[in-house]
Each structure stands twice: as C-alpha cells, then as structure tokens.
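The values are calculated or read from the model by the stated rules, or taken from the named source; none is laboratory data. All values derive from a computational prediction rather than experimental measurement. We place every Cβ from the backbone using ideal geometry, glycine too, and count neighbours over all the protein chains shown.
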Ligand code: SF4
C-alpha cells in the first residue's frame with residue numbers, strides 16, 4: 001500500500017496536530033474546589049477479556065493523536081466525533097435526501113453521501129427515523145460514567161478484573177479520566193489505561209501514575225515504519241514508555257501484528273527486546289492480531305479502507321511470536 005493511498009483513504013479524518021495537544025481537559029481548581037469534568041466517549045464495552053486482567057469494562061474515548069491505517073475504530077479519530085451511516089438500516093424513504101440540498105442521493109445500496117458538500121449532515125441525520133445515522137460520541141460526567149461501570153463490579157471482583165480506559169486516546173482527556181479513576185479507586189475497582197503513548201508527558205504522567213496498570217501500545221520499533229503507518233514517529237512513545245517503567249508502574253506491552261507491515265523478524269525482535277529493556281515494570285506482553293473487523297466503519301464514514309488487501313494475522317503466526325517472547329523470558333498472552 002502506498003502512502004498516497006493511505007492519505008487518500010484518510011481523507012476527511014482530521015489529524016490532531018501533535019504540537020497543539022494540550023492539557024485543556026485537566027481539571028481546573030476554583031475557590032469552591034474542583035470543577036466537575038465532562039468527558040467525550042463513544043461507548044462502554046462490557047465483559048472484555050483482552051484489555052487487561054480478568055473481566056473488564058472498556059471505555060472508548062473519542063479523539064486520538066495518531067492515525068493508524070489499521071485502526072479498527074476510525075470513528076474515534078476526530079476529536080469532535082463523526083457521523084456513521086449504516087446502509088443496512090436505510091429504508092430508502094428519502095427524508096434525509098430532501099433536506100440535503102443535493103448532497104445525499106439514493107443509490108442501489110442505500111444513500112450516497114457527498115460529505116464534502118453536505119453542510120447540514122446533522123439535520124439530515126436527525127430526519128432519519130430508521131436509525132441509519134449514528135452520531136459518534138456522547139458527553140458524560142465522571143460520576144455518570146462510574147455509576148454505569150459499577151453495574152459490573154461483581155464480575156470485576158470475581159474475576160480480578162476492572163475498568164480499562166481506551167479509545168482513541170483516553171489521555172487526551174486526562175482530567176476527566178483522572179476524576180473517574182479516583183472515584184473508581186475509592187470503590188476498590190482496578191483501573192487500567194490503554195495508551196498509544198503519543199501524548200505530552202506532563203499530561204500522560206498524571207493519569208499513568210493514578211491508574212493501577214498501563215497497557216502500552218508499541219506499534220513498530222522502526223521509527224520510519226511507525227510514521228508511515230501511524231502518522232507520527234515513535235520517539236515520544238519510546239521515551240514515555242521508559243518514563244512509565246521508571247515510575248515502577250505495572251505495564252503490559254501490547255504488540256499488534258500486521259502481516260507484511262510489522263511482522264518481520266527484526267520488527268518483532270526489536271519490540272520484544274524493548275519490552276525486556278523496560279525491566280520488571282513489564283508484567284506481560286500481549287500479542288494482538290490484526291483483523292478487518294473495523295473495515296465496515298470506514299464505509300460508514302465515507303472513507304476508503306486503507307488496509308485493503310492485507311490479510312488478518314493468523315493464530316499460528318501469533319503463536320510463533322508468543323513462543324519467541326516466552327523463550328526470551330517474557331510472560332506473554334495471545335489475544336483470544
Ligand atoms: S432518512 Fe434514513 S431511511 Fe430515509 S433515505 Fe435517509 S438514511 Fe435512508
């Protein structure tokens with residue numbers, strides 16, 4: 001796949017400038033105490049078994065500093081969320097078409113939406129009474145979020161699980177997730193942060209130190225390869241991984257294996273060696289298998305799927321890498 005194709009495929013997905021990342025979501029203190037924060041999340045996924053120990057609820061934050069071409073959640077890339085279109089739910093009634101000023105027309109398989117020229121997509125979507133449009137992202141307070149999460153506390157307690165903040169990148173909303181973490185920990189709930197690591201240290205460090213466990217995604221050891229497929233080099237990421245390990249915080253290093261991209265001997269060996277270098281902070285390496293489950297969402301956002309032609313990672317390939325990690329003395333887990 002060419003970089004050209006990657007850029008074209010991501011057309012319409014705004015890239016968050018790394019230099020503009022800031023700490024605006026950190027809590028602000030007033031004379032009356034801390035202002036309650038509101039977060040912007042897409043969903044809570046319950047009964048997860050691949051996002052840390054035990055049975056967990058994973059919270060997906062909206063907004064991400066990277067644009068990985070294999071991302072299974074492209075609807076989370078924009079900080080403002082987006083509008084997913086589900087063609088299979090469309091009844092062909094034409095209500096959205098009538099409002100769109102020509103930007104939406106009916107095709108054989110549902111609506112054809114010209115997102116560049118549609119200036120009132122939200123209004124068109126609101127006219128649909130068949131649920132074909134889905135607005136991504138909902139504002140929520142930390143208290144509201146925690147009360148939803150606590151419904152599953154019995155499962156967390158019985159399985160040694162808890163809550164994982166993921167995304168997107170939860171650390172972009174560090175203040176909100178910090179507040180949620182403090183409430184959850186006051187209720188004796190184990191909290192993990194799943195991070196890309198591509199966040200300024202002054203923001204990431206506060207959340208990383210508050211949670212019990214950091215799931216740290218290491219997408220490629222070769223910095224140019226990393227930049228080509230994620231939109232950013234890995235210098236800040238590697239630096240932040242070392243800093244979190246230096247804090248003595250428990251870490252799980254997450255290695256996504258994408259066939260033909262980051263599954264070479266050198267890439268895999270380099271990432272495993274880096275996990276070893278981080279020392280005793282690393283309690284486990286997770287081998288995650290690339291899959292195409294997010295491909296349909298690209299169509300729903302009006303985007304071309306950037307990884308067309310890339311096969312999923314096989315179980316056998318993941319097992320070989322897991323064996324290599326075990327041979328190096330690492331504790332390893334292969335995603336189910
Ligand atoms: S309003 Fe909904 S059901 Fe009707 S054409 Fe538009 S998307 Fe399809």
Could you please let me know if residue 43 is modelled with pLDDT of 90 or more, more than 16 Å from the ligand (Cβ to nearest atom), in contact with a strand residue (DSSP E or B) (Cβ under 9 Å, 6 or more places away or on another chain) and over 23 Å from residue 284 (Cβ atoms)? yes
If we ask which residues in region 102-127 are within 10 Å of the ligand (Cβ to nearest atom) and under 30 Å from residue 39 (Cβ atoms), their number turns out to be 5
Inside region 69-83, can you point out the residues that are at pLDDT 95 or above and buried (at least 24 other Cβ atoms within 10 Å of the Cβ)? none
Answer yes if at least one residue in region 93-101 is in contact (Cβ under 8 Å) with a residue 60 or more places away in the chain, at negative phi and within 16 Å of the ligand (Cβ to nearest atom), and no otherwise. no
From (1) farther than 30 Å from residue 306 by Cα; (2) surrounded by fewer than 24 Cβ atoms within 10 Å (Cβ to Cβ), pick out the condition that doesn't hold for residue 211. (2)
Okay, strands (runs of 3 or more DSSP E) sitting entirely in region 148-232 with 2 or more residues that are under 13 Å from residue 244 (Cβ atoms) and under 16 Å from the mean Cα position of the chain (by Cα), I get 190-195, 213-217
Say whether the condition of being in contact with a strand residue (DSSP E or B) (Cβ under 6 Å, 6 or more places away or on another chain) and closer than 16 Å to residue 68 by Cβ is met by at least one residue in region 307-321. yes
Residue 185 is checked against (1) surrounded by 24 or more Cβ atoms within 10 Å (Cβ to Cβ); (2) touching a strand residue (DSSP E or B) at 6+ places or on another chain (Cβ under 7 Å) and fails just one. What number does that condition carry? (1)
Top-ranked residue in region 132-145 [being part of a loop (DSSP other than H, G, I, E, B) and at pLDDT below 95; ranked as nearest to the ligand (Cβ to nearest atom)]: 136
